[in-house]
Amino acid sequence: MDEAKQSNDTGKAADAKPVRPKPAKIPRHAMPEQKPEDRIKNFMEVPFGYTPEIARAEASRCIMCKKPKCVEGCPVDIDIPGFVREIRDGNFKEAIRILKADNALPAICGRVCPQEEQCEAKCVLGIKGEPVAVGRLERFIADWERDNDMITIPPIAEKTGRKVAIVGAGPAGLTVAGELAKLGHDVTIFEALHKPGGVLMYGIPEFRLPKSIVQKEVDYVVSLGVKLECNMVIGKTYTIDELKDEEGFDAIFIGSGAGLPYFMNIPGENLNGVYSANEYLTRSNLMKAYDFPNSDTPIVRSKRVAVIGGGNVAMDSARTARRLGAEVALVYRRSRNEMPARLEEIHHAEEEGIDFNLLTNPIRINGTDDGWVKSMTCIKMELGEPDASGRRRPVPIEGSEYDIPVDTVVVSIGNGANPLLPNSTPGLETNKWGNITVKDDSGLTSIEGVYAGGDIVIGAATVILAMGAGKQASRAMHEYLCTLPS
Ligand code: FAD
Ligand code: SF4
């Protein structure tokens, strides 16, 4: 029957025109996900993702702005209305082509990028209602490509005979490797750990970013002709100078991340049962200890864990501890509004029963006679005047100290740059925090032919910023390689 002849739920005559909601009036589509009571008992991914029907319905909310604000918010300039339009029209192959032209790791970005601060924050539909769910659509179309074996290898330029070394197989290094391999250069990635992927593999937990997806993205980069050498610590196995002078690499990109955990320097931090978030998450993810005894590495099964911090890393640690069977107290010195973690992570952590101790700061970790954590002493805080970061400074409330009984403490207050590379590379300049300094967006360091990008340059940040830096550096490196005498 002709749709216009059917009755509709407005009660109008059957031959009246159907009432179609304006795109902006259609509510944003939620992603189906595991219930909190189920997911705290497993490490499987929390959201199930959109079905093709939901994805097309969500895509149809986009009003295809002529000057799309969403693109202004995207660090890698994805043609957002372009790929959203193709999803809306059911042209999924074209949608992924458009998306991948600017983003080589869409299944990852669709899952972990802070879209609420980037593209979705700028979407015009967000002014009066809810923005288009750009991240969920990105995730949908990348999963569709992978699940349907649609991944294709792009054309590779003729070999240039130039050799490039990449230090670190995180998102920055993988991006540079993929871009330069497509341009015909001979690329080798040297990775310190036994698995590539950087934080995507060892930091972000399986329930937020399945490792099989990270591995597929790495496989894609390798399929472009990139060589990958794991268990190679540059600065020890080879120095940067040796790569250049003895191994014959014409250019080098350093994407070694920010893997050095900060501690609070409070009494008791050396007790048994105190971990950096890095160690705690790496054990669980990279060594698959969460799956012990099916995996070889055991992990502490705590009764009550305190996680210190309010960022994504803190949320990941708290939610991991919860899945390992613990009661979890999150301790953060500011209020919920100042938490740097993604809203979705905070929401999921709250749903999973993490006990948020806000405006609270640890001052001491207390131990048993045999050196194990037994409790943590905290002090209540209030917010004072804004500090240099623009956020209101937390000020201790005198006399408000109290003890939280815990057997494990996970310190998750940030990471800095590992000094190994600067220390082993004469002439490689760093700033006062130990980050490698670069001349401009090209990522050129103080040494000719040596570039850097990602967390090692800007400090612990985001996946998309690391990829964006990698993309810019790859352009500059290509230009540099093309100018070298043959
Ligand atoms: P990394 O991902 O750190 O990769 C660096 C790689 O270099 C590593 O594999 C390391 O082993 C290797 N390496 C280091 N030194 C050497 C050496 N000397 N020789 C050889 N290899 C070396 N960002 C988001 O956008 N969204 C999120 O939800 C999010 N959640 C996060 C959760 C956690 C737990 C963590 C830790 C970070 C999170 N981030 C998130 C931040 C994001 O993962 C990083 O900003 C990003 O991975 C940085 O990429 P990178 O390539 O610069 O470095
Ligand atoms: Fe679509 Fe929003 Fe971008 Fe406009 S700003 S093109 S509505 S996603």
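Quick one: length gained pulling ILE397 to TRP372 fully straight, 0.36 nm per residue minus the C-alpha distance? Please list the in-between numbers first.
Working: separation 25, 0.36 × 25 = 9.00 nm, distance 2.84 nm.
Extending this stretch completely gives an extra 6.2 nm.
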What is the set of long-range amide H partners of VAL187 at a cut-off below 5 Å, with H atoms built 1.01 Å from backbone N?
VAL164, LYS227
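Considering only the other residues whose Cβ falls under 11 Å of the Cβ of GLU327, what net charge follows from Lys and Arg at +1 and Asp and Glu at -1? Don't skip to the answer; put the middle values down first.
On the way: positive: LYS303, ARG304, ARG322; negative: ASP355, ASP407.
Overall, the nearby charge balance is +1.
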To the nearest 10 Å², what's TYR402's accessible area with a 1.4 Å probe?
70 Å²
Determine the calculated [θ] at 222 nm for the chain from helices alone, applying -39500 (n - 2.57) to every DSSP H run no shorter than 4 residues and normalising by the residue count; nearest 500 deg cm²/dmol.
-9000 deg cm²/dmol
Could you work out the percent of alpha carbon pairs in the chain separated by over 34 Å, rounded to a whole number?
42 percent
Around ALA104: net Lys/Arg minus Asp/Glu count, Cβ-Cβ under 11 Å
0
The summed charge of the ILE189 Cβ neighbourhood (under 11 Å; Lys/Arg +1, Asp/Glu -1) stands at -1
Projecting each Cα onto the charge dipole of the chain (Lys/Arg +1, Asp/Glu -1 at the beta carbon, about the Cα centre), which of ASN294, ASN423, VAL450 comes out farthest on the positive side?
ASN294
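Using alpha-carbon pairs under 8 Å, 6+ residues apart, how would you state the relative contact order of the chain in percent?
On the way: 988 pairs, mean separation 66.2, N = 486.
Relative contact order here is 14 percent.
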Just to confirm my numbers, what's the Cα centroid distance between the stretch 193-258 and the stretch 329-364 in Å?
32 Å
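Quick one: which of LYS159/LYS236; LYS93/LYS211; LYS216/LYS288 span more than 26 angstrom between C-alpha atoms? Write out the running numbers ahead of the final one.
Working: LYS159/LYS236 30 Å; LYS93/LYS211 24 Å; LYS216/LYS288 18 Å.
In this structure, LYS159/LYS236 exceed 26 Å between Cα atoms.
More than 24 Å apart: what percent of Cα pairs in the stretch 227-325 qualify?
Numbers: 2084 of 4851 pairs.
Tail of the P(r) past 24 Å holds 43 percent of the pairs.
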Over the alpha carbons of the stretch 163-317, what is the largest minus smallest coordinate on each principal axis, giving the biggest first in Å?
53, 32, 29
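What whole-number value in Å² describes the accessible area per residue of the chain for a 1.4 Å probe?
Values: 22590 Å² over 486 residues.
Per residue, the chain has 46 Å² of solvent-accessible surface.
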Looking only at lysines whose Cα falls under 16 Å of LYS25's and that sit 8 or more positions away or on another chain, we get LYS128
Under 8 Å for C-alpha pairs, at least 6 residues apart: give me the relative contact order for the stretch 289-404, rounded to a whole percent.
19 percent
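Could you check what % of the DSSP bridge pairs in the stretch 315-393 are antiparallel, to the nearest 5?
75 percent
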Listed by chain and number, the residues whose amide H is under 5 Å from that of CYS74, excluding neighbours fewer than 5 places away on the same chain and using placed H, are none
Table column - 3J(HN,Hα) (Hz), the stretch 66-75, Karplus curve with 6.51, -1.76, 1.60, x for Gly and Pro
5, 10, x, 5, 4, 5, 4, x, 9, x
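For the chain, what % of the accessible area comes from carbon and sulfur atoms, probe 1.4 Å? Please report the intermediate quantities before stating the final value.
Details: 11620 of 22590 Å².
Exposed carbon and sulfur together represent 51 percent of the surface.
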Separation of the VAL222 and SER446 label points, Cα + 7 Å toward Cβ, nm
3.7 nm
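Subtract the Cα-Cα distance of GLU382 and GLN34 from 0.36 nm times their separation in residues, and report this length gain in nm to one decimal. The partial results should precede the final answer.
Working: separation 348, 0.36 × 348 = 125.28 nm, distance 3.60 nm.
That works out to 121.7 nm of additional length.
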Counting only DSSP beta bridges with both residues in the chain, tell me the antiparallel percent, nearest 5.
40 percent
Report the label-to-label distance for LYS439 and GLN215 in nanometres (one decimal), using points 7 Å from each Cα along the Cα→Cβ vector.
4.2 nm
Taking a probe of 1.4 angstrom, what is the accessible area of HIS194 in Å², to the nearest 10?
90 Å²
19 Å Cα-Cα reach of LYS35 towards aspartates and glutamates, excluding residues that sit fewer than 8 places from it in its own chain:
GLU45, GLU206, ASP316, GLU327, GLU344, GLU345, GLU350, GLU351, GLU352, ASP355
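Can you pull out the trypsin sites (Lys or Arg not before Pro) in the stretch 268-369 that DSSP calls coil and that have at most 14 other Cβ atoms within 10 Å?
Working: sites: ARG283, LYS288, ARG301, LYS303, ARG304, ARG319, ARG322, ARG323, ARG333, ARG334, ARG336, ARG342, ARG364; in loops: LYS288, ARG301, LYS303, ARG333, ARG334, ARG342.
Listed in order of number, the matching sites are ARG301, LYS303.
The values are calculated or read from the model by the stated rules, or taken from the named source; none is laboratory data. It should be emphasised that the depicted structure is a prediction, and the values quoted were computed from it without experimental measurement. A quick note on method: Cβ atoms are made from the backbone with ideal geometry, for glycine too, and the neighbour counts reach across all protein chains shown. For accessibility, only protein heavy atoms count, side chains too; no ligands or nucleic acids. Shrake-Rupley method; radii C 1.70, N 1.55, O 1.52, S 1.80 Å.
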